[in-house]
Amino acid sequence: MNTNNRLLLSAVAFATVAIWGTTFVWTKLLILNGLSPAQIFTIRFVIAYVLMCAFSLVRDRHHRWVSDTPSDELVMAMLGLTGGSLYFLAENEALRFTTATNTSLIVCSCPLFAALVIGMFYKSERYSRTQTAGTLLALAGMAVVVMNGHFVLHLSPLGDALAFGACFSWAVYSLLMKRVMGRYSSMFITRKVFFYGIVTILPYYILEPGWPPLDMLMQPDVATNLLFLGSVASMACYLMWSWCMKGLGAVSCTNFVYFNPLTTIAAAWLILDEQVTIFFLLGSLLIISGMYLLNR
């Protein structure tokens, strides 16, 4: 891969993570309007799936809808589970039992989990010494940003276990992507992730039944946020992420998740008027330095 292509893929990966970082703000606004995290996830994936189907039909009426083999279709189902319903449920449920700081620290360490899991199966994806140093530097910066000067952690076995479960789920998602992304298009994989994400979230409503009324969903602020989450943060971002994983590799691409807390805090500053502190600036410097070592 030449330098220009790598720079383009890196820019797209950063843009994707930047958009995902803002989703915490939009989700918070939707929760304040009465929607649950599971309802928000379901609606955004339904919107994304409908748009992906329409886009596929317009682009190619003979586009494939089923994987080549049953085993590949099973992998697609696992992608929808690990990168969709299971990841989001574990992350959101963790907040019920532990602090937001604990959850953020654990979930934002997804790149390290992914590197360890993928490195067990692919030697080409294992970290070098320089990349290991970059990872530790980026992790330190992420911790400084998330903790924001309050260096106190409250252990909660169940909540922390759920947050670690979300990390492990995303690592498995990244590992499974390596198996199929060379043989199927990004559009096909992304559409399957949305479909099986919706299918695997349905049993949750047996335990937690309920659906928001139509008049709530039709409120301008609610409808706009849901459309953004479905069309941009889900459809467009998952497509871009699949494309970047093909070009950069699963581990290198996932490393950009370290930027997630930076974009979240920047969005909260612009939209929710939350304050930016010196710890945000220091942590940002550490994360950027770590990412430089990781991608040098």
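The values are calculated or read from the model by the stated rules, or taken from the named source; none is laboratory data. Everything numeric here is computed off the predicted structure, so don't read it as measured data. Neighbour counts are summed over all protein chains in view; Cβ atoms, including those assigned to glycine, are modelled from backbone coordinates with ideal geometry. Ligands, DNA and RNA are excluded from the accessible area calculation, which covers all protein heavy atoms including side chains. Shrake-Rupley method; radii C 1.70, N 1.55, O 1.52, S 1.80 Å.
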Legend entry - Potential lengthening between Arg183 and Val58 on full extension [0.36 nm per residue; Cα-Cα distance subtracted]: 42.8 nm
Legend entry - Given charges at Cβ of Lys, Arg, Asp, Glu: the chain dipole, positive-most of Ile198, Tyr122, Phe228: Tyr122
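Could you please state how large a percent of the accessible area of the chain is carbon and sulfur, counting protein chains only and using a 1.4 Å probe?
Carbon and sulfur together cover 69 percent of it.
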Inset, instruction - At a Cα cut-off below 23 Å, give the lysines reachable from Lys178, other chains included and same-chain residues fewer than 8 away excluded. - result: Lys123, Lys192, Lys246
Legend entry - Dipole moment magnitude, nearest 20 debye, the chain about Cα centre, only Lys, Arg, Asp, Glu C-beta charged: 1040 debye
Inset, instruction - Along Cα→Cβ, 7 Å out, is where each label goes; now give me the distance between the ones at Val199 and Asp72 in nm to one decimal. - result: 1.6 nm
Inset, instruction - Compute the Cα gyration tensor for the range 1-96, then decide on rounded, prolate or oblate, letting a ≥ b ≥ c be the square roots of its eigenvalues: rounded whenever a/c is under 1.5, prolate when a/b is larger than b/c in the other cases, and oblate in all that remain. - result: oblate
Legend entry - Two-site label geometry, Lys28 and Trp65: point separation in nm, points 7 Å out along Cα→Cβ: 4.2 nm
Inset, instruction - Would you list the membrane-span-like helices of the chain, meaning whole DSSP H runs whose alpha-carbon atoms span at least 24 Å along their axis and whose mean Kyte-Doolittle value is at least 0.0? - result: 3-32, 37-59, 129-147, 157-180, 278-295
Legend entry - Mean accessible surface per residue for the chain, computed with a 1.4 Å probe while every protein chain stays in place, in Å²: 48 Å²
Inset, instruction - May I ask you to derive the relative contact order of the chain, considering only C-alpha pairs under 8 Å and at least 6 residues apart, and to give it as an integer percent? - result: 40 percent
Legend entry - Shape of the range 185-237, Cα gyration tensor, a/c cut at 1.5: oblate
Legend entry - the chain, helix-only ellipticity at 222 nm - DSSP H runs n ≥ 4, -39,500 (n - 2.57), divided by all residues, nearest 500: -23500 deg cm²/dmol
Legend entry - Three-way shape label, the range 152-245, alpha-carbon gyration tensor, a/c 1.5: oblate
Inset, instruction - Along Cα→Cβ, 7 Å out, is where each label goes; now give me the distance between the ones at Val232 and Thr277 in nm to one decimal. - result: 2.9 nm
